[in-house]
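Novice: Could you have a look at this structure, given as structure tokens, before my questions?
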Amino acid sequence: MKTTTGQAGAGPAETLEYPFDHPPATGEVVEVAPGILWTRIPLPFKLDHVNIYLIEDGEGWAVLDTGISDKPTRAVWEQLFDGPLAGRKLTRLIVTHYHPDHIGLAGWLCERFGVPLSTSQTAYLGCLTISLSPGSLEAKPFREFYLRHGMSEETATLVSTHGHGYLRMVTPLPMTFNRLVAGDVLMIGGRRFEVLSGDGHAPEQIMLYRPEDKVFLAADQVLAKITPNVSVWAVDPEGDPLGLYIRSLNAIRDRIPADALVLPGHQLPFYGVHTRCSELIEHHEERCAMIAEACAQGPKSVAELVPFIFTRKLDPHQLSFAFSEVHAHVNYMLRKGELAWEDQSAPQLRAVYVAG
């Protein structure tokens, strides 16, 4: 069994354990737990894959997540249908959250196999809203929000067109869906899965837990070696996604046993969920400390704080996500009373450190 130290910031010295040294090859599957198969779909991004899980469900398979909508992804699914999944139908599709690498082919899979879509109401409506109004972020109030926090015109233009890029990666959803809510119990293939949800990375992100086998399908909430993006967006300018994310991690530690097998949305399955949750919380606390130190030197806008957290050179696309993630830390610290806006009537907002 391979072991390695967690990689999010300066975490504890304890290690995570990896029962699988490498992922399945494209178009292949691996059984990772009783009645649960693992496959991978390539992505055309820096994070170059998404994990897909198939849960035995009577005469077929319940599918968890989809990959984005593009020709290469459809080709991988066809390879699976003609190969390891041949002869058995799909019974249902479960989508963890509305990001395109997880929901992108939901409409295509549901239509092709005549299966229902199960997801959270937030994921369904979030995807539907962007699809119906991909240019909504280009509205003046949203653009002014980014500019007021110090974002450049170039980056603000890029952020305001995110909806159009999303639309190119997502097929139209089915007209109806089955709503999943935390506390629900799903019976899949005669086995009981508890429904959990988490926030911060994506609102009401769905996770599944099978107590009898101690198997936790964690989506993107807990990843082994990277921290999920946690961002403030203009539609919820005073939101606290980081506070919600930390709250969700604490809830996972309370509910999921330390020796559970974690099946994440990216990277390798692992053991050590409590260790990893602690590392992720510590990572964000370290970032908050860096922001506090920067603001103690003088007032800073969100844009001015980005280089203190992300020291490497960022292109406009990377900068847009870095900006929104730094903003999440600022809002979290504002809620805790560690920061305050220097002058809320000023054309550009700058945060000052107020906690001793």
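The values are calculated or read from the model by the stated rules, or taken from the named source; none is laboratory data. As the structure is a prediction and not an experimental result, all values here were calculated from the model. Quick note on the areas: whole protein, heavy atoms, side chains included, nothing else; ligands and nucleic acids left out. Shrake-Rupley method; radii C 1.70, N 1.55, O 1.52, S 1.80 Å.
Novice: Compute the accessible area per residue over segment 264-356, keeping the other protein chains in place, probe 1.4 Å, unit Å².
Specialist: Details: 3970 Å² over 93 residues.
Per residue, segment 264-356 has 43 Å² of solvent-accessible surface.
Novice: Please list, ordered by chain and number, the residues whose modelled amide H lies under 5 Å from the amide H of LYS89; skip anything fewer than 5 residues away on the same chain.
Specialist: Under 5 Å from the amide H of LYS89: TRP61.
Novice: Sticking with this one: Bin width 10 Å, alpha-carbon pairs only: give the P(r) of segment 228-273 as whole percents, running from 0 to the bin holding the largest distance.
Specialist: Pairs per bin, as whole percents: 23, 40, 27, 10.
Novice: Taking Cα centroids, how far is segment 315-356 from segment 123-197 in Å?
Specialist: 23
Novice: To the nearest 10 square angstrom, how much accessible area does MET169 have with a 1.4 angstrom probe?
Specialist: 40
Novice: ³J(HN,Hα) across segment 266-275 via Karplus (A = 6.51, B = -1.76, C = 1.60, θ = phi - 60°), whole Hz, x for Gly/Pro?
Specialist: Values, residue by residue: 8, 6, 8, x, 7, 10, x, 5, 5, 4 Hz.
Novice: Roughly how many Å² is the accessible area per residue of segment 148-192, as a whole number, for a 1.4 Å probe?
Specialist: Numbers: 2450 Å² over 45 residues.
Here the residues of segment 148-192 average 54 Å² of exposed surface.
Novice: Can you list residues from other chains, or at least 5 along the same chain, whose modelled amide H is less than 5 Å from the amide H of ALA260?
Specialist: It is GLY272, VAL273, by chain and number.
Novice: Tell me the carbon and sulfur percent of the accessible area for segment 1-160, rounded to whole percent, probe radius 1.4 Å.
Specialist: Working: 3730 of 6960 Å².
C and S atoms contribute 53 percent here.
Novice: Sort segment 5-155 into rounded, prolate or oblate with this rule: let a ≥ b ≥ c be the square roots of the eigenvalues of the Cα gyration tensor; rounded if a/c is under 1.5, and if a/c is not under 1.5, prolate when a/b is larger than b/c, oblate otherwise. Don't skip to the end; give the middle numbers.
Specialist: Numbers: a/c = 2.27, a/b = 1.36, b/c = 1.67.
It is oblate, given that a/c is not under 1.5 and a/b is not larger than b/c.
Novice: In square angstrom, rounded to the nearest 10, how much accessible surface does HIS162 have for a 1.4 Å probe?
Specialist: 50
Novice: Along segment 313-330, what does the Karplus equation 6.51 cos²θ - 1.76 cosθ + 1.60 (θ = phi - 60°) give for ³J(HN,Hα), rounded to whole Hz, x for Gly and Pro?
Specialist: So the J values, rounded to whole Hz, are 6, 10, 7, x, 5, 5, 5, 4, 6, 4, 4, 5, 6, 4, 4, 4, 5, 4.
Novice: Here's a follow-up. Could you run the Karplus curve 6.51 cos²θ - 1.76 cosθ + 1.60 with θ = phi - 60° over segment 144-158 and give me ³J(HN,Hα) per residue in whole Hz, x for Gly and Pro?
Specialist: Coupling constants for segment 144-158: 5, 4, 5, 5, 5, 9, x, 5, 6, 4, 4, 5, 4, 5, 5 Hz.
Novice: As a test question: what accessible area, to the nearest 10 Å², does VAL273 have when a 1.4 Å probe is rolled over all protein chains in place?
Specialist: Approximately 0 Å² of VAL273 is accessible to the 1.4 Å probe.
Novice: Ok, one more. If one puts a single equal scatterer on every Cα of the chain and applies the Debye formula without solvent, what log₁₀ I(q)/I(0) results at q = 0.10, 0.15 Å⁻¹?
Specialist: Ignoring solvent entirely, the Cα scatterers give -0.63, -1.34.
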